[in-house]
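**Q** Below is the structure I would like to discuss, written out as structure tokens.
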Amino acid sequence: MNAKTVYTSLAVIFVASLAAAILFHFFPVGIVGELASIPAIIALFGALFQLGRDNIAHERALRLEEAKNRFTVGATSHMANVAFDKHVEFCEEYTQAVNGALETLFRRGPHADVLQNANALMDIRIKRTVWLTPEVETKLLSFERALRKIGANAWLLGELRADEDRSGPIKEAYSTFAAVMGWEDWRGEAVTRDLAAEKVIEGFRNILGISELTRLRAELVKRASDNLGYSS
């Protein structure tokens, strides 16, 4: 039953009940006159209830339309497509350079050569900086600084004389190395996971919505398979 029919029915009940109540008021027949007004009261409350429902439905329709418009502008506009494509290009290029840094660390450990990897990452980030959010850029800067700290301390160790204290650079280089490699602890001390290379790659997956897209694709494939099985 649509809203127009509901309001019409409630109006008919209200008018009929009110007319009956007035009629019995002039021709008293005991309690019947009082009972005749009850449907009018019920119809009035029914109309108020329906108005509330209609208002809620209207507000919901407006929110859905607004969300639809935002989705249309945000997901299908030309700039949204360009930005997503740029993000994909950046994430692929930067991830390749991160893997290059990990390869250096695996082969040579904390070594001055890591400075070259840090420079390569910086060049990629600067080249694509217009497409990066401040939050993403801040995290990448922290990772690059960690690589520079490893490389700088490794370089410093090579420059120190044999009689100079080497404990400070060694501790800083190796503790940062452990953090970048994703170790849980180093020499019994807990290591922060925020600087791990895997966190950088995981962040890219979140930016691109890889997990969501994969789940959505799997669900669509399952539905298609179920439909084909049902139709056959």
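The values are calculated or read from the model by the stated rules, or taken from the named source; none is laboratory data. In this text, all values refer to a predicted model and were calculated from it rather than measured experimentally. Glycine also receives a Cβ, built like all others from the backbone with ideal geometry; neighbour counts cover every protein chain displayed.
**Q** Go through T176, T138, T133 for me and flag whichever is under 20 Å from the mean Cα position of the chain (by Cα) and modelled with pLDDT of 85 or more.
**A** Within the list T176, T138, T133, the selection yields T138.
**Q** Somewhere in region 200-214, is a residue in contact (Cβ under 8 Å) with a residue 24 or more places away in the chain, of a type in the set (K, R) and assigned by TED's automatic domain parsing to the domain that holds R108?
**A** No, because not a single residue in region 200-214 is in contact (Cβ under 8 Å) with a residue 24 or more places away in the chain, of a type in the set (K, R) and assigned by TED's automatic domain parsing to the domain that holds R108.
**Q** Taking F204, is it at pLDDT 85 or above, among the aromatic types (F, W, Y) and under 31 Å from the mean Cα position of the chain (by Cα)?
**A** Working: at pLDDT 85 or above: no; among the aromatic types (F, W, Y): yes; under 31 Å from the mean Cα position of the chain (by Cα): yes.
The answer is no for F204.
**Q** Could you tell me whether any residue of region 141-153 is in contact (Cβ under 8 Å) with a residue 24 or more places away in the chain, among the small types (G, A, S) and closer than 14 Å to A101 by Cα?
**A** Looking for residues that are in contact (Cβ under 8 Å) with a residue 24 or more places away in the chain, among the small types (G, A, S) and closer than 14 Å to A101 by Cα, one finds at least one in region 141-153, hence yes.
**Q** Which of (1) within 30 Å of H87 (Cα to Cα); (2) among the aromatic types (F, W, Y); (3) modelled with pLDDT of 85 or more does W155 not meet, given it meets every other one?
**A** (1)
**Q** Return the only residue of E144, E172 being among the acidic types (D, E), assigned to a helix (DSSP H, G or I), crowded, with 18+ Cβ neighbours inside 10 Å and in contact with a helix residue (DSSP H, G or I) (Cβ under 7 Å, 6 or more places away or on another chain).
**A** Details: E172 fails: crowded, with 18+ Cβ neighbours inside 10 Å.
Matching residue, one of E144, E172: E144.
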